[in-house]
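The structure under discussion appears below in the form of structure tokens.
The values are calculated or read from the model by the stated rules, or taken from the named source; none is laboratory data. These figures come from a predicted structure and were not determined experimentally. All Cβ positions, glycine included, derive from the backbone under ideal geometry; neighbour counts span all protein chains shown.
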């Protein structure tokens, strides 16, 4: 059985060797990719529980396995059931019969959407899941066993695809570059091995050090002021959206994630960046420690996502808060027959101090524009 120590030690050695082979420095995007996706060792490629409502319980120095964070589908099935109303409309309008889900997690969202589409009598030929995690795929297959005839798992996209694409908390896990403005000069912040005497190399928690190198890269907006500033740019997420747009011949895309439009993302007061780590339902801002044992994320620049879509001949159906999107899709109507527990759980999806305001939804389309129900009220596309 792989222990947490042996896993992080093996991943630390692998990343250290990569840094050495790269001349002693790699960009943070490369480090983040290795920490999350190294086969068998990275956070999303190892066997840890990740998704769920129960954190680790400690007994002495030994943790009892639990989850690291909870996403909306694990919080309440009302999330996916309500999202399914938008998926059903998109399938009807675009005259397609396939759903593509990226980063399906535990499989809970897929189950909720499939159950609701079946209840609505919405024809669906296939539900395709794209997920890089072998351990999560096994969990998804168990969760979706009753839909085994309709669900398939793919590791590569076809040359062309049609249908409705959904992704819940997918874009935030895509590697980002870090840019640091120090005394008015921009640098790319990356990861190196500690210099002799800087930190003990045999300690996994102190195996890596930050290093800044001069760069010509800039954020899309120059933050006002002359103070030091740390932020991210999202080349991989934007490239991902362009790739989907190039391959999509007909259909729509819906991404739910936490983030901001560009003007808010690069606001002068957001000077410490948005990179966060999650483990055992606790968060921290140090991605260089406990590699492979915790999630690493960054908030999404939704303006960049919209521009990437336009570059791939897609348009924006709408952009709004998760709260407004779910209400537009009929969440309140679904709550009429819900239990007290379900109502309390659903409140977390829409309350401003919970997920309602921080999480946003962006809808994209290929072909002719149409009025998506999820953005009927409270659309903020003009803020992108």
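Summary table
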item: Enumeration of residues in the stretch 307-322 that are in a helix (DSSP H, G or I) and surrounded by 22 or more Cβ atoms within 10 Å (Cβ to Cβ); result: 308, 309, 322
item: Restricting the stretch 272-294 to residues that are outside any loop (DSSP other than H, G, I, E, B) and in contact (Cβ under 8 Å) with a residue 60 or more places away in the chain, the residue that is surrounded by the most Cβ atoms within 10 Å (Cβ to Cβ); result: 279
item: Filtered residues of the stretch 121-131 (kept if outside any strand (DSSP E or B) and either in contact with a strand residue (DSSP E or B) (Cβ under 9 Å, 6 or more places away or on another chain) or surrounded by fewer than 16 Cβ atoms within 10 Å (Cβ to Cβ) (or both)); result: 121, 123, 124, 125, 131
item: Residue in the stretch 161-168 that is assigned to a loop (DSSP other than H, G, I, E, B) and modelled with pLDDT of 95 or more present; result: no
item: Residues satisfying the stated conditions in the stretch 318-342, i.e. in contact with a helix residue (DSSP H, G or I) (Cβ under 6 Å, 6 or more places away or on another chain) and over 27 Å from residue 282 (Cα atoms); result: 318, 319, 320, 325, 328, 329, 330, 331, 334, 335
item: Residues that are surrounded by fewer than 20 Cβ atoms within 10 Å (Cβ to Cβ) and in contact with a helix residue (DSSP H, G or I) (Cβ under 8 Å, 6 or more places away or on another chain), drawn from the stretch 97-110; result: 97
item: So residue 138, is it free of Cβ contacts under 8 Å to residues at least 60 places away in the same chain and touching a helix residue (DSSP H, G or I) at 6+ places or on another chain (Cβ under 9 Å); result: no
item: Hey, residue 346 under 28 Å from residue 112 (Cβ atoms), assigned to a helix (DSSP H, G or I) and more than 19 Å from the chain's Cα centre (by Cα) or not; result: yes
item: Strands (runs of 3 or more DSSP E) fully within the stretch 180-271 counting 1 or more residues that are at pLDDT 95 or above and over 29 Å from residue 18 (Cβ atoms); result: 248-260
item: Restricting the stretch 143-157 to residues that are touching a helix residue (DSSP H, G or I) at 6+ places or on another chain (Cβ under 9 Å) and more than 20 Å from residue 123 (Cα to Cα), the residue that is modelled with the highest pLDDT; result: 143
item: Residue within the stretch 150-158 that is over 25 Å from residue 275 (Cβ atoms) and surrounded by 20 or more Cβ atoms within 10 Å (Cβ to Cβ) present; result: yes
item: For residue 360: the one exception among (1) assigned to a loop (DSSP other than H, G, I, E, B); (2) touching a strand residue (DSSP E or B) at 6+ places or on another chain (Cβ under 8 Å); (3) surrounded by 19 or more Cβ atoms within 10 Å (Cβ to Cβ); result: (1)
item: Filtered residue count, the stretch 14-31, keeping only those that are in contact with a helix residue (DSSP H, G or I) (Cβ under 9 Å, 6 or more places away or on another chain) and in contact (Cβ under 8 Å) with a residue 60 or more places away in the chain; result: 7
